[in-house]
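The values are calculated or read from the model by the stated rules, or taken from the named source; none is laboratory data. Because the structure is a prediction, the values reported are computed rather than measured. All Cβ positions, glycine included, derive from the backbone under ideal geometry; neighbour counts span all protein chains shown.
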Amino acid sequence: PTINQVWMWAAVLAGWISALLQAISGYDQHAGRAHAARFRHDLLLVPGRLVRHAGQLTLRLPPGRGDLLTDALAVLRAPRPVTS
């Protein structure tokens, strides 16, 4: 029974992480909530490569494929106000 509980909590956690990533990236505003496979295909399975130029790492994406990923990274990098 313990292994079943571990699998159940792993599945719940994966669902929460997917929903969180969709909310942070704004993906759910573009196309509504996506099934995990669609979300992975549109946002996470974008081919790209890391390039080092002038001492900085840059993620190079193919034209027209990384729009949602670029938006998500911009949201994550944006400064947030500190609340206490």
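Summary of computed values
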item: Counted residues, region 55-84 - those being part of a loop (DSSP other than H, G, I, E, B) and modelled with pLDDT under 75; result: 4
item: Test: residue in region 19-30 that is outside any helix (DSSP H, G or I), surrounded by 10 or more Cβ atoms within 10 Å (Cβ to Cβ) and at pLDDT 75 or above; result: no
item: Unique match (being at pLDDT 75 or above and out of contact with any Pro (no Cβ under 9 Å at 6 or more places or on another chain)) among 33, 52, 40; result: 52
